[in-house]
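*Asks:* Before I ask anything, here is the structure I am working with.
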Amino acid sequence: MDIAFYAPMKPPDHPVPSGDRRMAQLLLRALRRAGHRVTVASRLRSYDGNGDVARQRRIGKTAARVARRIVARHRNAPPDLWFTYHCYHKAPDLLGPTVAVAFGIPLVIADASVAPKRTDGPWATGYAAANAAIRRADRLIALDPLDLPCLQTLRDGADGIVMLSPFVDRMPPDANDRAAARHTLSQTLGLDPAHPWLAATAMMRPGAKLDSYKVLARALARLADRRWTLLVAGDGPARPAVEHLFAGNPAVRFLGALDQDGVRRLHLASDLAVWPAVDEGYCMALVEGLVAGLPAVAGARPGIANVIEHGATGLLTPVGDDAAFAAAVAALLDDPTRRAAMTKAATVAASRFGLDTAAARLDAVLADACRGARAA
């Protein structure tokens, strides 16, 4: 079918890398892998990160004009379905409902969320618009289990809401891939391959990301008596603050922002992913690490637990508890046999998070949405 794709927070070709952009790109690939013709319908960003009421109103007026242009442009050959990725109070879908009604086509929203505390206040306009789109959607695809209760309350039940695991477009590696990546990184960075390498891959920005780095720094400070190297991949406005957290520790190396191949090589070469996951729904870096056969120690958020199986492919600890996090890292640093077993388990589990699995799941959801729309 012909699908109009829209990401109101950040279009798939946005120049700034992030997990949000990565997931938008992956959804496009999965939809195309399923055989659909997918076009990015608009690059309009409805995102307002500061709670600027006047800005939200201006965006709303612009969106109304853009929606009218989309309808006029496709009047003779409308899409079969509108697909929105990531709709919430800071970045509502202001286009999909209008276009879907105009053409009588299904509206599907992936990664929608509802924050009732935003009913009033600076994001009230965006909150109301996001909720209107979420109510109107024929199907909702949830990526974070924590979103389900509020979505179900808003829609008076679970009808039309399905779960989708995050996924990546990578094949599981073999032992030769890991050995080659470790040798290359050892030579490039001058690292001792005999010592465990920890990998942390995340943007550096104020808020939850910086809070996670703070927990990580406190946790690793408890492990000064062990030999390890932390390899940090990421960049952003909070980089000075992140570097300050680890100042004076020669065991910490900052690699800057890496492209997707660079991230994969890091994951292949490392022994353990470490990420506290403060206030995260799911973490694309942990998914990418898992598919590369990298076990993890992470914060026990529901979305993270959907990726990392505690005791099998990693260890999960109470979010924000640096002592528990340090103990979990220490347990795996001290037990290479257990880490090796987790690497094997991750390789087996990787098929759950592959592109083909996601493509089949999405295809079934869209077909169901079209059947429901025709029946209505």
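All of the numbers you see were taken from the coordinates with simple rules; none came from a lab. The structure presented is a predicted model; accordingly, all values stated were derived computationally and were not measured. Virtual Cβ from ideal backbone geometry, glycine too; neighbours counted across all protein chains shown.
*Asks:* Using a cut-off of under 11 Å, list every residue of the range 3-44 whose amide N is near the label point 7 Å from the Cα of Arg69 along the Cα-to-beta-carbon line.
*Replies:* Zone members listed by number: 42-44.
*Asks:* Hey, what do the phi angles of the range 290-296 turn into as Karplus ³J(HN,Hα) couplings, whole Hz, using 6.51/-1.76/1.60 and θ = phi - 60°, x for Gly and Pro?
*Replies:* 4, 5, 7, x, 9, x, 9
*Asks:* Another question, if that's okay. Scan around Leu230 for amide H atoms under 5 Å from its own, H built in the peptide plane at 1.01 Å from N, and keep only partners 5 or more places away or cross-chain.
*Replies:* Long-range HN contacts for Leu230: Leu198, Val252, Arg253.
*Asks:* Would you mind checking which residues have amide H under 5 Å from Tyr85's amide H? H placed 1.01 Å from N; only 5 or more apart, or other chain.
*Replies:* Hits under the 5 Å cutoff: Tyr6, Ala7, Ala110.
*Asks:* Okay, moving on. Amide H neighbours of Leu315 under 5 Å, at least 5 residues apart or on other chains, H built in the peptide plane: list them.
*Replies:* Here Ala296, Val297, Ala298 satisfy the definition.
*Asks:* For the chain, what does the relative contact order come out to in percent, with C-alpha contacts under 8 Å and a separation of six or more?
*Replies:* Relative contact order of the chain: 16 percent.
*Asks:* Using the Karplus curve 6.51 cos²θ - 1.76 cosθ + 1.60 with θ = phi - 60°, what ³J(HN,Hα) values do you get for each residue of the range 325-334, in whole Hz, with x for Gly and Pro?
*Replies:* 4, 4, 5, 5, 4, 4, 4, 7, 4, 7
*Asks:* Per DSSP H run of n ≥ 4, the term is -39500 (n - 2.57); total these for the chain, divide by its residue number, and report the mean residue ellipticity at 222 nm rounded to 500 deg cm²/dmol.
*Replies:* Result for the chain, helices only: -14000 deg cm²/dmol.
*Asks:* On to the next question. Using R₀ = 30 Å, calculate the FRET efficiency as 1/(1 + (r/R₀)^6) where r is the Cβ-Cβ separation of Leu258 and Ala194; round to 0.05.
*Replies:* Efficiency at R0 = 30 Å is approximately 0.80.
*Asks:* Follow-up question, since we're still on this one. Which of rounded, prolate, oblate describes the range 1-79, given a ≥ b ≥ c as roots of the alpha-carbon gyration tensor eigenvalues and a/c under 1.5 marking rounded, otherwise prolate only if a/b is larger than b/c?
*Replies:* It is oblate, given that a/c is not under 1.5 and a/b is not larger than b/c.
*Asks:* Can you tell me the 0 to 90 degree angle between the C-alpha axis of helix 355-375 and the longest principal axis of the chain, rounded to 10?
*Replies:* Approximately 20 degrees, to the nearest ten.
*Asks:* Taking a threshold of 25 Å on the Cα-Cα distance, which of the pairs Lys209/Lys344; Lys10/Lys214; Lys117/Lys209; Lys214/Lys344; Lys90/Lys209 fall above it?
*Replies:* The answer is Lys209/Lys344; Lys10/Lys214; Lys214/Lys344.
*Asks:* Here is a follow-up. Based on DSSP, what percent of beta bridges with both residues in the range 257-368 are antiparallel, to the nearest 5?
*Replies:* Percentage antiparallel, nearest 5: 0.
*Asks:* If you don't mind, another one. How large is ³J(HN,Hα) for each residue in the range 98-113, as worked out from phi by the Karplus curve 6.51 cos²θ - 1.76 cosθ + 1.60 (θ = phi - 60°), to whole Hz, x for Gly and Pro?
*Replies:* 3J(HN,Hα) across the range 98-113, in whole Hz: 5, 5, 4, 5, 4, 9, x, 10, x, 10, 10, 10, 9, 6, 8, 8.
*Asks:* Could you pull out which residues in the range 1-20 have an amide N less than 12 Å from a spot 7 Å beyond the Cα of Arg37, following the Cα-Cβ vector?
*Replies:* From the range 1-20, the list is 1-4.
*Asks:* Relative contact order for the range 175-353 using alpha-carbon pairs under 8 Å, separation at least 6, rounded to a whole percent?
*Replies:* Relative contact order, the range 175-353: 22 percent.
*Asks:* According to a simple spin-label model (label point 7 Å from Cα along Cα-to-Cβ), what is the distance in nm between Ala115 and Ala132?
*Replies:* Output for this residue pair reads 2.0 nm.
*Asks:* Taking 45 Å as R0, compute the FRET efficiency from the Cβ-Cβ separation of His183 and His14 and round it to 0.05.
*Replies:* Calculated transfer efficiency: 0.85.
*Asks:* A further question on this structure: Which of Ser113, Ser351, Ser18 comes first, and how do the rest follow, when ranked by fewest Cβ neighbours within 10 Å?
*Replies:* Placing the least packed residue first, the sequence is Ser351, Ser18, Ser113.
*Asks:* As an exercise, use a Förster radius of 25 Å and the Cβ-Cβ distance of Met171 and Cys150 to find the FRET efficiency, rounded to the nearest 0.05.
*Replies:* E(calc), rounded to 0.05, equals 0.10.
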